[in-house]
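Okay, so here's the structure we're looking at.
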Amino acid sequence: MGVNFDKSNFDRIFNELKDEFPFKDYIDNIYYWEMKTLISNLFKLSIDLKNKNLLDIGSGPMDKTAIFANYGCNCYAVDDLSDPWHKLNDNLKLIKNFSKKYSINFKHQLEGDYSIPFKEDYFDIATSFCVIEHLHQSPALLLNKIGIHLKTNGYGIVVMPNSVNLRKRIDVLLGKSNYNPLEEIFFSDSDEGIFRGHVREYTLKELKDIVRWSGFNIIFASHFEHLAEAKLNPIFSKIYKSLGNLIPSFRSGIVTIFQKPSSWKEVKLTQDQYFKYYPAPVKK
């Protein structure tokens, strides 16, 4: 039995965060529809947030972590804050000052050292917003981190773009790329390290697969629409959403909510597993 979602309370939280956040227009309508959809689904699933310990992995500037803080979570967050814009001017200081306003226990990771200095088997909820698609390594590494730090029956939440949404399908039909803009990688600064844009996006089925392969029990998985609400005019937004209602995989985002079972074990990746799916050439 779900719990009623109070939209007016969410709107109040959103507007307060938007006013408090130190970067103009960063918290926008895309953020609104994404977080409103997620929080309302958590209420439907009767997942209580008050006084729960939450770990946000790859938190960025903690704008989304702060939503959970407003709903009563004791929030912890980790990120290397190494996107180009993070390093401009005094942005790092502004981000950290913002986190302190919401009592978020933030660990600034060193680039290349993504250890998490918080308790294992401790958190009620672990979140990862739009992180997995940026990884140059197996997503199992991030999902292992979630499992290590969640307590038994704790909830993991992964949110990311849908690799086969309607806009991307139309682009491919028109002979355009379904990847992020070319300028994003061409003009990325090699002196700053590896490219930090999208490396591998997933379909909902693929997201469910990697969560299951990582040993978790999925309790909710869905497509959702947030970009059409924010980017299109009312007429095109209505058409886009109607098509998404008919074919959910047309929608812009995907989310899965899962639990850590008592039998959970960290996934150990081996070369043998890789060669099972991609056999090595046999010597003549």
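The values are calculated or read from the model by the stated rules, or taken from the named source; none is laboratory data. Quick caveat, the model's predicted, so the values are computed rather than measured. Every residue, glycine as well, gets a Cβ built from its backbone with ideal geometry; the counts of neighbours run over all protein chains shown. Areas reflect the complete protein model, heavy atoms only, side chains present, ligands, DNA and RNA absent. Shrake-Rupley method; radii C 1.70, N 1.55, O 1.52, S 1.80 Å.
Structure above, values below:
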{"quantity": "In segment 62-79, the residues that are hydroxyl-bearing (Ser, Thr, Tyr), open to solvent by 20 Å² or more (accessible area, probe 1.4 Å) and under 26 Å from Glu229 (Cβ atoms)", "calculated": "Tyr71"}
{"quantity": "The one condition in (1) at pLDDT 95 or above; (2) open to solvent by less than 60 Å² (accessible area, probe 1.4 Å); (3) part of a loop (DSSP other than H, G, I, E, B) that Gly175 fails to fulfil", "calculated": "(2)"}
{"quantity": "Filtered residues of segment 23-61 (kept if touching a strand residue (DSSP E or B) at 6+ places or on another chain (Cβ under 7 Å), part of a loop (DSSP other than H, G, I, E, B) and crowded, with 23+ Cβ neighbours inside 10 Å)", "calculated": "Ser59"}
{"quantity": "Criterion (surrounded by fewer than 15 Cβ atoms within 10 Å (Cβ to Cβ) and touching a residue at least 60 places away in the same chain (Cβ under 8 Å)) met by exactly one of Pro279, Pro261", "calculated": "Pro261"}
{"quantity": "Qualifying residue in segment 183-200 (condition: under 21 Å from Trp33 (Cα atoms) and either among the aromatic types (Phe, Trp, Tyr) or in a loop (DSSP other than H, G, I, E, B) (or both))", "calculated": "no"}
{"quantity": "Residue in segment 121-141 that is more than 22 Å from His198 (Cα to Cα), over 18 Å from the mean Cα position of the chain (by Cα) and either basic (Lys, Arg) or at pLDDT 95 or above (or both) present", "calculated": "yes"}
{"quantity": "Cβ pairs under 6 Å, 6+ apart, first in segment 204-227 and under 30 Å from Ile239 (Cβ atoms) and part of a helix (DSSP H, G or I), second open to solvent by 30 Å² or more (accessible area, probe 1.4 Å) and of a type in the set (Gly, Ala, Ser)", "calculated": "Lys208/Ala221"}
{"quantity": "From Ala77, Ala66, residue being touching a Ser or Thr at 6+ places or on another chain (Cβ under 6 Å) and either in a loop (DSSP other than H, G, I, E, B) or closer than 23 Å to Ser103 by Cα (or both)", "calculated": "Ala77"}
{"quantity": "Contacts under 6 angstrom Cβ, first residue in segment 68-95 being among the acidic types (Asp, Glu), partner modelled with pLDDT of 95 or more, 6 or more apart", "calculated": "Asp79/Gly58; Asp79/Ser59; Asp79/Gly60"}
